[in-house]
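Notes follow the structure.
The values are calculated or read from the model by the stated rules, or taken from the named source; none is laboratory data. Predicted, not measured: the structure shown is a model, and the values here were computed from it. Just the protein is used for accessible areas: all its heavy atoms, side chains included, with ligands, DNA and RNA removed. Shrake-Rupley method; radii C 1.70, N 1.55, O 1.52, S 1.80 Å.
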Amino acid sequence: GMGIGSRLVAAAEERAASLGAHPLGLAVERGNVDARRLYERLGYVEWEHGDVVDRSLERDESGTVIREHADLCAYLVKELTGS
């Protein structure tokens, strides 16, 4: 509620545009309604190909995999201007 998320996204968009990215995409977990609301307010829309699964590995301090995460996500895209 203090604009930090919006500023972080704007900084990421600026950096991505400077690297030639267009459009820019991101995955947001289906249950994360607050983040999705922010992204949509900033101009992101759901892409036409449906959900994606974001996979990551959780490791202990020695680097051993202790758990695999697989989260169902919406994939949102935004065309960056000036790219």
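Based on protein heavy atoms only, the chain ends up with 72 Å² per residue of surface accessible to a 1.4 Å probe. Surface composition of the stretch 21-83: carbon plus sulfur atoms contribute 48% of the solvent-accessible area (1.4 Å probe, protein chains only, all chains present).
Rounded to the nearest 10 square angstrom, Glu14 shows an accessible area of 140 square angstrom against a 1.4 Å probe.
Across the chain, the relative contact order, built from alpha-carbon pairs under 8 Å that are at least six residues apart, equals 39 percent.
In the chain the Cα-Cα distances spread across 10 Å bins starting at 0 as 16, 39, 31, 13, 1 percent of all pairs.
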